[in-house]
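Asker: To start, I am sharing the structure in question, which I have written as structure tokens.
The values are calculated or read from the model by the stated rules, or taken from the named source; none is laboratory data. In this text, all values refer to a predicted model and were calculated from it rather than measured experimentally. Glycine gets a Cβ as well: all are built from the backbone with ideal geometry, and neighbour counts include every protein chain shown. To get the accessible areas, we keep the full protein, side chains included, count just its heavy atoms, and leave off ligands, DNA and RNA. Shrake-Rupley method; radii C 1.70, N 1.55, O 1.52, S 1.80 Å.
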Amino acid sequence: GKTEKKFVNSKVMTRQTYTLEGIEGSIKADGGNIVFTEEEGIDYAPTTVQLPGGERVPFLFTVKELVAKGNGGSFKPGFQMGGDFSVPSYRTGLFLDPKGRGGVTGYDMAVALPGLQSGEEGDAELFKE
């Protein structure tokens, strides 16, 4: 079917982990317009958003590999920029689900007790009354 793009009201559920910082790149003039090319920095932040109806979905806030072209050759009121960027997989090791679990955070289980590797060691301690 046809893919439709539209804005959807949503609520950010991830706690203050969606800030992009230290974005660096080059600015040049191209055909009388300003062009910014993103080169490095913390250029993406995985987040979780809640859609109308309560469903929580992953969302990647990013400007990775952004090439933004301006509508003029100088920064002045009314100047606008826009362009294409890359959206990497949101399932990076730093992705946190709504409960704060992530691959590199050291907290990746949805249970209250730590899982056992052998299935035997520590059973007596876990199941004593």
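Asker: For the range 44-72: of the residues being open to solvent by less than 40 Å² (accessible area, probe 1.4 Å) and in contact with a Lys or Arg (Cβ under 9 Å, 6 or more places away or on another chain), which is modelled with the highest pLDDT?
Answerer: Per the stated criteria, the residue is VAL49.
Asker: Name the residues in the range 19-43 that are open to solvent by less than 70 Å² (accessible area, probe 1.4 Å) and touching a residue at least 24 places away in the same chain (Cβ under 8 Å), would you?
Answerer: The answer is LEU20, ILE23, GLY25, GLY32, ASN33, ILE34, VAL35, PHE36, THR37, GLU38.
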